[in-house]
Ligand SMILES: [Zn+2]
């Protein structure tokens, strides 16, 4: 394999993070368990350069794009949950605002520019406690949603037409449930 060849992330290996991290990301020395002040938690620290490894959750941000009472969902073209339906979203990049990531991911996944509205909620999937999903309501700014490599099918759903048994994640189900409840209250 050439170093420049594009690769997919190996999800099985990714899930070994953070437990299997052994070496300092900064200097390469082997980490040792130390008691870290002020919390007195046992964390891995580098005996050579002093870097402390603080594992942190992964932040995901997405948009529930609503147009004339219908919600935009995409059929995922990649693992995990290949072929299941969810709203556009993805990982927030390092030093990126969550709201900017939600708008960026929506454009990358379905080619739609949106105005992000209020925060709908923050959701955590019970099978992946490491990912916190920030979901904004959003409205289309123009253009039509299009299929991409990441979204093999894209369409707006009437509330009654949502295919609940084919949703990708528990967080998808919870966000759609919260949206429907907010619509009913109006
Ligand atoms: Zn180090």
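Each value in this text was obtained by applying a stated rule to the coordinates, not by laboratory testing. Since we're looking at a predicted model, the values are computed, not measured. All Cβ positions, even for glycine, are placed from backbone atoms using ideal geometry, and neighbour counts span all protein chains on display.
Worth a mention:
- Rounded tilt (10° steps) of 98-110 against the dominant C-alpha axis of the chain: 60
- Of all DSSP beta bridges confined to the range 58-185, the antiparallel ones make up roughly 70%.
- Alpha-carbon centroids, the range 116-186 and the range 9-36: separation in whole Å: 33
- Compared with the dominant Cα axis of the chain, that is its longest principal axis, helix 170-185 is turned about 40°.
- Averaged over residues, the count of other Cβ atoms within 10 Å places the peptides 23-36, 50-63 in the sequence 50-63, 23-36, highest first.
- Peptides 90-102, 37-49, 68-80, 169-181, ordered by how many other C-beta atoms sit within 10 Å of their residues on average, highest first, read 169-181, 68-80, 90-102, 37-49.
- In percent, rounded to a whole number, the relative contact order of the chain is 20, using alpha-carbon pairs under 8 Å and six or more apart.
- The value for the chain of Rg(Cα) / (2.2 N^0.38 Å) is 1.22.
- Every Cα-Cα pair of the range 11-53 was included, and the share exceeding 15 Å stands at 44 percent.
- Per-residue ellipticity at 222 nm from helix content only, as computed over the chain with -39500 (n - 2.57) for each DSSP H run of at least four residues, stands at -5500 deg cm²/dmol.
- Cα-derived Rg over Rh, computed across the range 1-84 with Rh taken as Kirkwood radius: 1.16
- What the Cβ-Cβ distance of residue 33 and residue 7 gives, at R0 = 30 Å and to the nearest 0.05, is a FRET efficiency of 0.40.
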